[in-house]
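To start, the structure under review is shown below, and the notes come after it.
Please treat every number below as a calculation from the coordinates, not as lab data. These numbers come from a predicted model, not from an experiment. Cβ sites come from the backbone with ideal geometry, for glycine too, and all protein chains shown count toward neighbours.
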Amino acid sequence: MNKKTTLIVGVSFFLGAMVIGGSPSAIKINYKGHGYEYVTKPKLWKDAKKDAEERNGYLVCITTADENEFVVQLINNATDKEVPRTWIGLNDDKVEGDWKWISGELTSFTNWFHGEPNNSGSGENKVIYEKRDNEIKWNDVSGDGRYYYVIEYNFEIDTDTNAAGMSKTNLRSTR
């Protein structure tokens, strides 16, 4: 196995163990020097963004295909294949059609469903992961839905797993 396959298999095994009884599970895990947290308390986009910032993070910003694959695997395993809509940190609030990450990172990678973004509804300025026909990709939506979300941290987070398989974490900076 190559390094990428080994990483994906290892992450899949670890994350697969985190789902309890078919309901979504909060997961905290590290990847390439960043911490990621899947939050299972649905919120409006603005409230999810605020919560992430209060935790010293931000809504996840996907900048590479590898990171996208990692986050899709995180969501898929946390939700036991019943993938609910999940907020990410991409929006076109300032200029319609000019999609920007809230972290300020360049938007060089995208993972839209075919025909998206389409701004089909009023004010579709936020982005979610959703599942269609066994694919998990991006869709533009308004910010008024209550969805789960992924927080990204610019530092690794400590993760410990208790006997029930649930994640408990203390944050620490690696800088």
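Brief remarks on what is shown
- Cα gyration tensor, region 25-156 - rounded (a/c under 1.5), prolate or oblate: rounded
- Model label points for K32 and E135, set 7 angstrom from Cα along the Cα-to-Cβ axis, are 2.2 nm apart.
- Model label points for N56 and F109, set 7 angstrom from Cα along the Cα-to-Cβ axis, are 2.5 nm apart.
- Summarising the label geometry, the points placed 7 Å from Cα in the beta-carbon direction at E82 and K46 lie 3.1 nm from one another.
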